[in-house]
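The values are calculated or read from the model by the stated rules, or taken from the named source; none is laboratory data. Given the structure is predicted, the values throughout are model-derived calculations rather than measurements. Cβ sites come from the backbone with ideal geometry, for glycine too, and all protein chains shown count toward neighbours.
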Amino acid sequence: MTAPGALPEVLDGAAVGIFGILLSAAFCPIRWTDKKRWALAGCTAGLLALQGVLYFGSSPTAAQYLYPLITHLPLYVVLVLFSGQKVWPLVAVLTAYLCCQVRRWAALAVALFLPQHPLVQPVAELLFTLPLLLLFIRFLAPSMRQLSHYPASVQCQFGIVPLVGYLFDYITHVYTSLLSEANPAAVEFMFFCVLRSLSVLHFARLPGGAAAHPDGTAADQPEPASHAGHATRSRRLRLSQQRASTYRHDLRHHLQYISACIENGRGEQAQEYIQSICSEIEASKVTTYCENEAANLIFSSFAGRAESCGVPLNIQAHIPQLISVAETDLCVLLSNALENALRACRRMKAENGPAYIEVTAREKNGHLFLQFVNPCPEGIQFENGLPVTHAEGHGIGVRSICKTLDIALADVMAFGDNYNDVSMLDIVGVPYIMDGAAAPLREKYPNHTPRPEDVLREFLK
């Protein structure tokens, strides 16, 4: 039996285990499904049970000594299986451990101002657990997941700092008492570890992560094959943006040339020169739709294509720079949806029908909401619950989006207004029928709405 006074220590041990496991998982680029969430929950329960067996069956010291083998190593294996990566899960576990030390540092600071009592620190650590976990998941995890897309060499460079902090803590605090004895070498190295710990947190918060050039542009890195086209488009748009900046920087020289033309009576030549500059700058312009750079680049690209096709494109976007979706995945989602919408609008214009695209994008509570509205020349066909087309070279856009999001059909909300929507409504978890639909359809589906926007507005509150 454990003494009552040790209860806070036991609870704190369980809390730090849950803290580290959840944070490690949040740092990894995992496409979460219900199966994976249940598997992680089972893994967490199993690891905590194993720690409890050692703690109560052997000794707290034994549980602490074996913690890397009974917790960190199994967690690493699980994250490798979930993410499909080998290097980054190790970096994620080490970084999460480093973040766990923030709990201890905060508790030590609290203990300095409270009466000396052995339970002050564990209780303080326990109270700091949930707030710090939420802060790290909200503000640090998105950047960590972005760093996971860089080459293994860059990941290893980033992982050096948490590895050093990990080894230092176990060598000086767990396996020896050098730190508690105020050994001069340990104390001096502790200062180094604190500074490097703060630097790693700042490093991860930098937009674009580790591979950034001094001018702020992202370095060219190998992209997954499925994202190659979107990565190429993104780099091309960034180059265009830089070209526009160069024109603005050289505006003084352009004005000098125009002034010389006017002074020498060559007004027509000056006008032609002005028009050429304006055309080049306009072609290179990247419109700011939201705070997210990747989204702005994709939106600007398709806005130009839509304008050239005579298709009105209305974009209402509120996407922050740091989101839970990887930049490559975001480019895939936006590009596929806009490509499909623009293709449908071209066909509508060919048939003298209405053509327009409306885009609503926003982020709320760590979730990304995307809505694309456009007319379609014919009814949508479904196979296995997914829209398809039999046109040559097409039909993979929606499938790609579903694969990228990795969303179960039970978690999907769909809206329909006609019999051709039945196959879609029957396979989603939350089907809505429009108020103007036929009476048999309104009887079949209990959820009715006059407009999808009304439902979505309530959902996003």
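Can you tell me which of Ser284, Ser301, Ser308 is at pLDDT 80 or above, surrounded by 15 or more Cβ atoms within 10 Å (Cβ to Cβ) and of a type in the set (Gly, Ala, Ser)?
Result of the check over Ser284, Ser301, Ser308: Ser301.
Candidates are the residues of region 312-347 that are β-branched (Val, Ile, Thr), at pLDDT below 90 and not in a helix (DSSP H, G or I); the one that is nearest to Pro29 (Cα to Cα) is Val325. Which one of Phe113, Phe139 is on the phi < 0 side of the Ramachandran plot and under 28 Å from the mean Cα position of the chain (by Cα)? Step by step, each of Phe113, Phe139 is checked, and only Phe139 is on the phi < 0 side of the Ramachandran plot and under 28 Å from the mean Cα position of the chain (by Cα).
From Ala63, Ala92, Ala111, Ala106, which residue is in a helix (DSSP H, G or I), within 23 Å of Phe168 (Cβ to Cβ) and either modelled with pLDDT of 90 or more or touching a Pro at 6+ places or on another chain (Cβ under 9 Å) (or both)?
Ala92
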